[in-house]
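Here is the structure we will look at.
Each value in this text was obtained by applying a stated rule to the coordinates, not by laboratory testing. Predicted model only: the values in this text are computed from it and were never measured. Cβ placement follows ideal geometry from the backbone for every residue including glycine, while neighbour counts extend to all protein chains displayed.
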Amino acid sequence: MGREDLRQYIFGLLALSCQQLSAATSFTQQQLAQFASQSTLSFAVAQQQPTTPMQFNAAITLHNGSKFALPAGKSDWQVYFHLIRHIDTIELHGVKIEHVQGDLHRISPTERFAGLTPAQQLSLPFSSAPWMVSYSDFMPRAFITAKGLTPEIFANTNTEDFSAFVQPLISPAQLQRNFAEGEQVAVVTPSNRFKRNASLLSDDTTSDSSARIIPAPLHAELLPQRVLLTTDWQIQFDDALKPEANYLQQQLQQQGIQLRLASHDASAKQLIRLSTTPELELAAEGYQLTISEQQISLNGKDSSGTFYAIQSLLALLQNSSKGLTLPAGKITDQPRAGWRGMHYDMARNFHGKAVTLRLIDNMARYKLNKLHLHLTEDEGWRLQIPGLPELTDIGATRCFDLSEQKCLLTQLGTGPDATGSGNGYYTTADFIEILRYATARHIEVIPEIDLPGHARAAIIAMKARYNRLMAEGNAEEATQYLLSDPDDTSVYLSVQNYNDNSANVCLPSTYAFIEKVLSELQKMYQQADIKLSTFHMGGDEVAKGSWEGSPACQQLFTQSSNNISTVADLKPYFVSRLAELTQQHKLVLAGWEDGLMYDQQNTFERKKLKNKQIIANAWDNIWEWGVADRAYRLANNGYQVVLSPATHLYFDHPHEAHPQERGYYWATRYAGIDKVFGFMPDNLYANADTTRSGTSITDLPALVGRALPELAQPENILGIQGQVWSETIRTEQQLEQMIYPRMLALAERAWHKAAWEDTGDNAGKLRDWQSFAARLSNVELARLNDAGSSFYLPPPGAQLGKAGWQFNTALPHLTIECSTDNGNSWHACNTAKLAEQSFLARSRQGNTVSRTVKLPLTP
């Protein structure tokens, strides 16, 4: 290098240094983008078992891979990241970590920051609670911003591949939760999975599962004789069953056969006859299906029964060399429960209309009849309400806007952009279409507007509405639907780490808001030509401390006519107002169980609530917490109850105890298909198998520390419902892989009561499971695939023996594939050859594959 070249090089370095120092007050947008694209932000868990119980130690590492330095001292750059565990404000290495709202946290430099030059990294250890043992606990799309600039996402976090920004969770210290009694749930390995699979699988590989439909019917007498369905057949129907006849015709057309619809008095040699006979000695929604060579009779107790006869008919169809065939015979069937529900939370993360319609189709196929739509949350409002545009203009979008005047503050891995994951809503036209679609499939849609807790999206939207109208000089209209008291000094933190998510139940405007939303909901149902019958208020998880500093509530306490004097009176006051309001609208009121309880054991006094019918979803059955008996307490005190237990029917929990499985695990470490299948609705306490730590429960009253009430009014248990919450579910595929095929096991228990439920016949239960699992893998997974739905496949178990590797799966008859080139190609597993090398294995059904398993098991 010549002298002049050296001189220019030194001047260049000085210029770069000055440029970097000037960044103390400003980055350019290009510099910010390059820093985010070339640097990395990553997370690592050190241990789940520090000296303090129920905590974990972890670290955040920022590695500067760019050519730009983060300058020393206090400057205007800030890094934002999503983390579901709350981090208290800490200062270390010259930066401050602080909680912003919900899962959003911030890193910002202080005067003591030494800077971060290229190739340097900053490691920030922290502690929180309770644990983080699944990769899906970590949210993507961390970003960096500076004053006046557009935020830029760290490229390594802009993905659903957790390995790009989460260090491996491998060691026992990272994976074993620190319970007082110790972690009893073993992390799944190929070897212990193989042993568990072997205990569930049948040795019989020849049995025919074609006639074992899901859910199982009450009585079925099906013969080996096959009936061929040709275009000579006609569909004849009672006039009132034309929608059902059209549905059957469409479904058969999708199977490749076009049948003509005939009038109710038509005569043909081969008829599919749809009818209803109210006098049938069956429960509502029951039916009789008779199949012979000349006539197929679908006779329902009511139109729903006829529709479910259609579903059984479709389930029995088989393709043969001659065409579509059915077994001759007869089915007499009825549901065990009137409420067979599925709850879907699209408020945390919105997934779109198409996946909702697929959910409705699949619910109908398996005879579920209640779709509970969780339309609102802290993280989003997902239904357009005429007259309140801010609810969706602001409340349906998350982005980086600290003022929250154009969107909600970003949460749950959405990142800073309004185009990020989880954003969106149903338009009124969408919702009306969903209502009609569900009604045609005999499914009631139950809308939930979650109040007074979990209401942050609505609160922020109505604040924005207030600000807009005040700026326009319309003060009276501005306060019309306000959900927050501007002078409220209450201090609280919700379970999901919000300090401003409780709608103020003391404001008249809160009830005006509910009245407005309720009226608009009813109009949408009317436009869909159906009647809204049930309104779900939510009511759950109201943060302790809400309203304590509200002047509006203090004023309410002075009004003796209200008969309320303390904050403790406000929840029952709110419910009583909604009970009265819904009764005026001739609606049933529903809510989550804790929204109807004074405390763990005492329900609100039913006689004080004016609505004739109030339904409680009983969800919180963590056995050792002593609240699982709420379901029976509510039923015994006059509430109607839908069993929704988190330990068995929360489909947002992992499929198995493994860090790569998606989902929260606060109620149970995992909920496999067989666990859902084994839930016994008629004996709630009999489902108390283990505590959260996995410790076996042998004496439930002793564990709780008191006697548990028996169910005195079983008629008040309406049925069961599965739940999927979507905090960790950002895509359609992720959603469906959490729901299916667990929803089919839910449908089995909702519709059909097995003999082993009362007898305790474990051998009979195992045989029933094996029959169910064979039908599931041989038939139903393909039907889900044909319907365009994704689903979860359990990965294979494996063990190495003298003859080489052995493999199995939790579901029978799945294909098992191996790869010796790191997943570039897959083939049948050569067990002898594989013993000599490392490889990957996976399960397959059609085009769907499980997650891969690495063998031999190595870090």
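May I ask you to derive the FRET efficiency for ARG226 and THR690 from their Cβ-Cβ distance with R0 = 41 Å, giving the value to the nearest 0.05? Provide the component values of the computation, followed by the final result.
Values: r = 46 Å, r/R0 = 1.12.
The value I calculate is 0.35.
Kindly list the residues of segment 806-828 that lie in the label zone of LYS854, defined by a backbone N under 16 Å from the point 7 Å along the Cα-to-C-beta vector.
Residues 819-824 fall inside that zone.
Which parts of segment 508-544 would a label at GLU433 reach, counting a residue when its backbone N lies under 17 Å from a point 7 Å out along Cα-to-Cβ?
Of the residues in segment 508-544, 524-525, 527-529 have backbone N under 17 Å from the label point off GLU433.
Quote the FRET efficiency, to the nearest 0.05, computed for ASN467 versus HIS93 with a Förster distance R0 of 35 Å and r equal to the Cβ-Cβ distance. The partial results should precede the final answer.
On the way: r = 39 Å, r/R0 = 1.11.
FRET efficiency, ASN467 to HIS93: 0.35.
Output the antiparallel fraction of DSSP beta bridges having both residues in the chain, as a percent to the nearest 5. Write out the running numbers ahead of the final one.
Values: 76 of 126 bridges.
Among the beta bridges of the chain, antiparallel pairing accounts for roughly 60 percent.
Rounded, prolate or oblate for segment 395-479? Axes are the square roots of the Cα gyration tensor eigenvalues, ordered a ≥ b ≥ c, and the cut-off for rounded is a/c under 1.5.
On the way: a/c = 2.34, a/b = 1.46, b/c = 1.60.
Oblate shape, in that a/c is at least 1.5 and b/c is the bigger or equal ratio.
Distance from the Cα centre of segment 590-669 to that of segment 227-270, in angstrom?
44 Å
So what is the orientation-averaged projected area of segment 320-414, using the convex hull of its C-alpha atoms, in nm²? Don't jump to the answer; show the numbers that get you there.
Details: hull surface 43.5 nm².
Value for segment 320-414: 10.9 nm².
As an exercise, identify the trypsin sites (Lys or Arg not before Pro) in segment 114-184 lying in DSSP coil whose Cβ has no more than 14 other Cβ atoms within 10 Å. Could you put the intermediate results ahead of the total?
Numbers: sites: ARG141, LYS147, ARG177; in loops: ARG141, LYS147, ARG177.
Hits after loop and neighbour filter: LYS147.
So which DSSP H runs in the chain come out at 27 Å plus along the axis (Cα) with average Kyte-Doolittle of at least -0.5?
3-22, 508-527
So for the pair HIS86, GLN254, with labels modelled 7 Å out along Cα→Cβ, what separation do we get in nm?
Here the modelled spin labels are 4.6 nm apart.
FRET efficiency for LYS269 and ALA782, Cβ-Cβ distance as r, R0 = 30 Å, nearest 0.05? Walk me through the numbers before you get to the answer.
Numbers: r = 32 Å, r/R0 = 1.07.
For R0 = 30 Å, the calculated efficiency reads 0.40.
Tell me the mean residue ellipticity at 222 nm calculated for the chain from its helices only (DSSP H runs of n ≥ 4, each -39500 (n - 2.57), averaged over every residue, nearest 500).
Rounded to the nearest 500, it is -8000 deg cm²/dmol.
Roughly what % antiparallel, to the nearest 5, for the DSSP beta bridges in segment 219-333? Write down the numbers at each step before the final one.
Details: 20 of 33 bridges.
Among the beta bridges of segment 219-333, antiparallel pairing accounts for roughly 60 percent.
For the chain, give the magnitude of the charge dipole about the Cα centre (Cβ charges: +1 Lys/Arg, -1 Asp/Glu; no others), in debye to the nearest 20. Could the numbers behind the result be given before it?
Working: 73 positive and 88 negative charges, 277 e Å.
The dipole of the chain has a size of about 1320 debye.
Rg to Rh ratio, segment 219-333, alpha-carbon atoms and Kirkwood radius?
Details: Rg = 13.0 Å, Rh = 13.9 Å.
Looking at segment 219-333, the ratio lands at 0.94.
Want the number for LYS531 to GLN184: 0.36 nm per residue separation, take away the alpha-carbon distance, what's left?
Values: separation 347, 0.36 × 347 = 124.92 nm, distance 4.93 nm.
120.0 nm is the gain from fully extending LYS531 to GLN184.
Determine the equivalent ellipsoid of segment 706-831 by diagonalising the alpha-carbon gyration tensor, then write out the semi-axes as square roots of 5 times the eigenvalues, largest first, rounded to whole Å.
On the way: eigenvalues 244, 92, 43 Å².
Result for segment 706-831: semi-axes of 35, 21, 15 Å.
Of the options ALA832, THR489, LEU368, report the single residue whose Cα projects farthest towards the positive end of the charge dipole of the chain (beta-carbon charges: Lys, Arg +1; Asp, Glu -1).
It is ALA832, whose Cα lies furthest towards the positive end.
Could you work out the relative contact order of the chain? I mean the mean sequence separation of Cα pairs under 8 Å and 6+ apart, divided by the number of residues, in percent. Don't skip to the end; give the middle numbers.
On the way: 1856 pairs, mean separation 93.7, N = 859.
Relative contact order here is 11 percent.
Two decimals is fine: what is log10 I(q)/I(0) at q = 0.27 Å⁻¹ for segment 174-224, from a Debye sum with one equal scatterer on every Cα and no solvent?
For segment 174-224, the Cα-only Debye profile gives -1.09.
Quick one: plug the Kirkwood hydrodynamic radius of segment 3-175 (C-alpha pairs) into Stokes-Einstein at 4 °C, 1.567 mPa s, and report D in µm²/s.
Working: Rh = 17.1 Å.
Value of D from the Cα-based Kirkwood radius: 76 µm²/s.
Which one, TYR685, GLY663, ALA646, projects farthest toward the positive side of the charge dipole computed for the chain from Cβ point charges (K/R +1, D/E -1)?
Sorting the options by dipole projection puts first GLY663.
Taking 0.36 nm per residue of separation and subtracting the Cα-Cα distance, what length does fully extending LYS322 through THR698 add?
Working: separation 376, 0.36 × 376 = 135.36 nm, distance 5.57 nm.
Contour length minus Cα-Cα distance gives 129.8 nm.
In the chain, with Lys and Arg counted as +1 and Asp and Glu as -1 at Cβ, which of these residues, ILE107, PHE513, THR290, has the Cα nearest the positive end of the dipole, that is, farthest along it?
Of ILE107, PHE513, THR290, it is THR290.
Assuming a viscosity of 0.692 mPa s and a temperature of 37 °C, what translational diffusion coefficient in µm² per second does Stokes-Einstein assign to the chain, Rh being the Kirkwood radius over Cα pairs? If you can, show how the numbers build up before the last one.
On the way: Rh = 29.5 Å.
Translational D for this selection: 111 µm²/s.
Between ARG706 and LYS147, what is the spin-label point distance in nm, taking each point 7 Å from the Cα along the Cα→C-beta axis?
In this crude label model, ARG706 to LYS147 measures out at 5.7 nm.
Which number do you get for Rg(Cα) / (2.2 N^0.38 Å) in segment 339-753?
Working: Rg = 20.7 Å, N = 415, 2.2 N^0.38 = 21.7 Å.
Cα-based Rg divided by the globular estimate yields 0.95.
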